[in-house]
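Notes follow the structure.
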Amino acid sequence: MYIPENERSSAVGAAPTPPRLRPRCYSLTLTAPSTYAALEEAVRRWISSCVMSRTEIRPGVPIRRERELVTGNPTLRRTWDQVLQYMKGKRVKIDADYVWGTDREESIKFSTTASPPPPPLPPPAPAKVRAVCPPTTCAPVGPFLPSTHGFKFDNLFSVTIPLPPPFPPITPEYGLCGGMASAALDYFLSCIPIPSTRSAPAVGTPLYNYLFSRLLDSLGRPGFGMVGKFLSWTQRPDTTGSLMSTAEQALGPVPDIILGPISSGAARLVKVDGVQELTAREEFPNIAADLSAGRMVVIGLVYEGPGSLKIWENHQVLAHGITRVSSTVTDIKIYDPNYNSNDGVVIRCESLAGGTRVRCTQIGGKTQKVRGFFRMPYRRVIPPCLP
């Protein structure tokens, strides 16, 4: 350490004894300043007031005074960074430990016994703003994707739904497909998230009641004209041909649905449009135009054929996009409630006979023949806001 003049050794060549510093040089109590630069200046003034050494370290080498050991001192900086910067304006004590080095070089190690206050509590989390449902304004963000905007459960319901005479009741295997297709479009157009449940809702729950109501809407209640259309298209041939009126004997009321009233016992051939021609002429062009313009369409798919009264083996889906595969082949993208989260289900239609009829197949989920399809009635309903 530096040797005060009044404590120098008089022995020539004798190793000097480190001086005993005055008590005021061991600690400093001060109000913690607002910046490190101010702290360094206060400590430098304090050290300058202590006993100074005027002894040369080596001939020709300038002496290092205590105050010169403050500027840039890493221990003072660490004391500031770890403690004192958090105690601005508070009274604190700084200790100085003088370290005697080789060749009478010295350094000062600063420290403090002060403890910083506990860190401030984090600000309270902002209160969750409950989304307005239904939203006051809505701009649907597309495109529609079954994996995002469709229900997360399959069309699996085990209920029989009675219909007014003369229509047959809806059987359990049909489920609520028309309601699910219409409801998915309701949610998308209303900018309301689809319910997150992955299980089909139980009878009587709000979601079930809503899907049930939308199914009846899609079938054209109160007159249920779409049920009659399913009956008619199911009994029609694939392509235009003749039908014997005497089929009434085997099929009961079906010829009345297709052909209108027929005299009892009459036996004659009647020309009947096939579902491929009806689809190509009355349905496909308008549905394709709507899809190309970004307007989604709920459609009924006819799987069953003549002689079958299982109209509830047919189906309803939501058509949400269209892709031209070739000059004669078109894919209609669908949300099929029987295959939740499947974005790859399409109705592939091939134009035949100069565009006078179409032959269609459903691809994805399950590959099967689609004899024809037609538009189902749809009017948007604000759906329930459900978790």
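Only the coordinates and a few stated rules stand behind these numbers; no lab work does. The structure presented is a predicted model; accordingly, all values stated were derived computationally and were not measured. All Cβ positions, glycine included, derive from the backbone under ideal geometry; neighbour counts span all protein chains shown.
Summary table
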{"quantity": "Square roots of 5 times each gyration tensor eigenvalue, C-alpha, the stretch 78-215, largest first, Å", "calculated": "74, 16, 15"}
{"quantity": "Within-10-Å neighbourhood charge of Y174 [Cβ basis; K, R +1; D, E -1]", "calculated": "-1"}
{"quantity": "Straight-distance crosslink candidates among lysines, where the alpha carbon sits under 16 Å from K93 and sequence neighbours closer than 8 are dropped", "calculated": "K109"}
{"quantity": "Simple label model, 7 Å out from Cα along Cβ direction - R295 to S111, nm", "calculated": "8.3"}
{"quantity": "Set of lysines near K369 by C-alpha distance (under 30 Å), chain-local residues within fewer than 8 positions excluded", "calculated": "K152, K229, K271, K310, K333"}
{"quantity": "Net dipole in debye of the stretch 96-189 [+1 Lys, Arg Cβ; -1 Asp, Glu Cβ; about Cα centre; nearest 20]", "calculated": "400"}
{"quantity": "Stokes-Einstein D in µm²/s, Kirkwood radius over Cα pairs - the stretch 278-387 at 37 °C with 0.692 mPa s viscosity", "calculated": "224"}
